[in-house]
Structures are given as C-alpha cells and as structure tokens.
Amino acid sequence: MLISPSAHRIDPASGALSNATGRYEKRLAELDGIYADAEAFAAAVATGGARVVYHVHEVRPQAAHGDLIFGTTFMEPGRIGDEYFVTRGHIHARANRPETYYGESGEGLMLMESPQGETQILAIAPKVLVYVPPLWIHRSVNTGAAPLVMSFCYPADSGQDYDVIARSGGMATRVVADGTGWKAVPNAAYRPRSQAEIETILATQD
Ligand SMILES: O=P(O)(O)OC[C@H]1O[C@](O)(CO)[C@@H](O)[C@@H]1O
Ligand SMILES: [Fe+2]
C-alpha cells in the first residue's frame, strides 16, 4: 500500500505544522537534573513548574525502516541561573541514525557530543541547516531573547536514548550567559564514558 504524498505548512514564529500526526510538550518540572544550578531550578519550578518550555509537532507516516519523521521544535527563551534553556538531549536509540535541523526563527545552538566526549557546537538561525551526523549526542540550546523554532527530519526507526546523558552526569559542556552573549563551560559533574560503552555505541550498524 502506497502512502499518499503530503505537504505541510510551517509557521516560523509558532512552530505550528499543518496536518501534524503528533504533538508533545515538555514542562519545566519534567526537566529535573538537567541544569547545574539545582537551587535556581527548584526556585523556577516553585513559581512556574507547569509552564511548557518546549514543544514538538511531528509527522510520523509509519515506523518502518526507510521512512522519515519530521516536524518542528519550539523552545521558549530563558535560563536556569546563568544556563540557557535546553532540550533534554539524546543519542538515537539506533545510534547511527543522523538528523537535520533547520532554523525557522530565533537563534540558538546545536550542542553535540561524540561518544568519546568531544564537544561540537554549531549556531542555528533562520535559513541555517545543521546536520547532526550518526553517533552524535545532540541537544538544542536557545541562546536568544525570543523563541527558537527549528524544523527537523530523521529516520523513522531512530528512537531516542536519553539515559546516555544521565549516565555521564550530563553532557560534557554547558552553555551559559556571558555578558551579552554565550560561552561554553565544562560541566563539573561530567563522567566520561567507559571504553566499553564507547565501543558499544560505535559498533552500531544497520
Ligand atoms: O527529544 P528531546 O531531546 O527532548 O528534544 C526534542 C527534539 O528532538 C527530537 O526528539 C528529534 O530527535 C525532536 O522531537 C525534537 O527536535
Ligand atoms: Fe534526535
């Protein structure tokens, strides 16, 4: 059975995606453990734990190998202490699946980390497409004063593994405010992955 082709209109300001098949949202209180400043996080949750800090509209035509998932991510601007708002971040459960992100509005960063712990940061802004290659852990950061909206596309059978970040005490690098801009700083709680874990990730095939 053939799937019918489809077209989807993206509103760059809101991330609204016509004919989406799914939507999910992340509230501040669900992002416990991500930010360095636990006191600032608790204070923010006390005053606004239910606020939605990012949401995703997506289209999943089918889960089958070879198809795509695509959609939009809308991220509110803000910080916990001096650390900019981020998505949870993950590696794909099938770790060798890649992803593209395209800037729709706002400005931010794609924070990426190799299994060995190397950090790469690429700026994302309107009309910039960022390629996240296979095997890279990835997280979006809103460094702007306005919402950051991106569209994304990745293989339908990728899946998301969030534990890879939790196991290492977070990503190796945090992005914090620095005067009028941002800077990357080491995450003091980071524990590098063992050689065995690195090899397991790198061995991902098919
Ligand atoms: O899944 P996370 O890390 O919460 O971040 C959401 C972003 O990542 C995706 O899961 C795609 O990999 C999208 O839904 C969205 O761009
Ligand atoms: Fe992803």
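Coordinate-derived values only; no laboratory data. This structure is a prediction, so every number in the text was calculated from the model and none was measured. Here the Cβ positions follow ideal geometry from the backbone for every residue, glycine too, while neighbour counts run over all protein chains shown.
Test residue 178 against the criterion of being under 25 Å from residue 76 (Cβ atoms), out of contact with any Phe, Trp or Tyr (no Cβ under 7 Å at 6 or more places or on another chain) and of a type outside the set (A, V, I, L, M, F, W, C), and give yes or no. Here the answer is yes, as residue 178 does meet what is asked.
So which residues in the range 158-177 are away from ligand 2 (no atom under 16 Å from the Cβ) and free of Cβ contacts under 8 Å to residues at least 24 places away in the same chain? Hit for the range 158-177 is 169, nothing else. Quick one: in the range 157-181, of everything that is farther than 20 Å from residue 194 by Cβ and among the hydroxyl-bearing types (Ser, Thr, Tyr), which residue is nearest to ligand 1 (Cβ to nearest atom)? Restricting to residues being farther than 20 Å from residue 194 by Cβ and among the hydroxyl-bearing types (Ser, Thr, Tyr), the top hit is 158.
Filtering the range 32-70 to residues that are within 11 Å of ligand 1 (Cβ to nearest atom), more than 21 Å from residue 9 (Cβ to Cβ) and not in a loop (DSSP other than H, G, I, E, B) leaves only 53. Checking each residue in the range 133-166 for being of a type in the set (Ser, Thr, Tyr) and either in a strand (DSSP E or B) or within 23 Å of residue 8 (Cβ to Cβ) (or both) picks out 140, 151, 154, 158. For residue 200, state whether it is in contact (Cβ under 8 Å) with a residue 60 or more places away in the chain and surrounded by fewer than 19 Cβ atoms within 10 Å (Cβ to Cβ). The answer is no for residue 200. Just to verify a result, which residue in the range 15-35, among those that are in contact with a strand residue (DSSP E or B) (Cβ under 6 Å, 6 or more places away or on another chain) and surrounded by 15 or more Cβ atoms within 10 Å (Cβ to Cβ), is farthest from residue 61 (Cα to Cα)? Filtering first and then ranking leaves 35.
Whether a residue is part of a strand (DSSP E or B), at negative phi and in contact (Cβ under 8 Å) with a residue 60 or more places away in the chain was assessed, and residue 73 passes this test.
Just name the residue that is nearest to residue 2 (Cα to Cα) out of those in the range 36-57 that are surrounded by 18 or more Cβ atoms within 10 Å (Cβ to Cβ) and within 16 Å of ligand 2 (Cβ to nearest atom). For the range 36-57, the residue satisfying everything is 57.
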